Structures are given as structure tokens and as C-alpha cells.
1. What number of residues within the stretch 70-83 satisfy the criterion of being open to solvent by less than 70 Å² (accessible area, probe 1.4 Å) and at pLDDT 95 or above?
2. Name the residues in the stretch 100-109 that are assigned to a helix (DSSP H, G or I) and either modelled with pLDDT of 95 or more or charged (D, E, K, R) (or both), would you?
Amino acid sequence: MNLVKAKKLLESDDFSSKITSLLSEPVDNILKHLPKKWVAGISISSEKAITEMAFTYFVPLVGSITGSFVNVLFIEHFQNMAHGHFIVRSLERKYGQELIFKIYQDMKI
């Protein structure tokens, strides 16, 4: 195949959609779509490369999901802490700071 034909093939929508769909499938399914003579030439190292490539696409996704989960946990924790803080502040205004501090010290937590 000459360079002009290869460039046209790479720029075609059909080729890019096939490659995109192939990259989203497991390695076994990819091998089913390739011609038999190509499959015979594929070594385990190329399967490993495809697996590693898929892994590099999923790392940011897993990182963002994990990060958002941790953010939700921190938000809930600090909202609860702020809620407790302002309850104590309102009790101190109502009954005096010394009394609330004395009751806090007498508590067995």
C-alpha cells in the first residue's frame, strides 16, 4: 500500500470508527475481526501492548471516580463537624462558655 492510500484510509471515518470499536473490545474479540494471516503474525507482546493501552485509558477514569468518592466523604465529614461546632457555639451563647466546657470535660467519650 502506498502512502497516499494509507493516508486516505487513516482519514476515512469508516476506518476510525472501526479502530475505535476494536479498541473498546477485549483482545479475543479484536482477533476475530482481523484476517487469518494477520492473526497468525500477532505475538503475545502485541496482545500485552493492547491490554496496556486499554489500561492507560481506564486509569484516569478509575482515578476520577475514586477522587469524587473521596471528595464526597470529606464533604460529609466536614459538614458534620461544622454542624456540631455551631451547635456547641449556640449552647455556649445560651448557657455560657464555662458551663458548656465543664460539661464537656465531665463527659466520658
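1. Number of matching residues: 1.
2. Lys102, Asp106
The values are calculated or read from the model by the stated rules, or taken from the named source; none is laboratory data. Bear in mind that the values here come from a model prediction, so they are computed numbers and not experimental data. Calculation scope for accessible area: heavy atoms of the full protein, side chains included, ligands and nucleic acids excluded. Shrake-Rupley method; radii C 1.70, N 1.55, O 1.52, S 1.80 Å.
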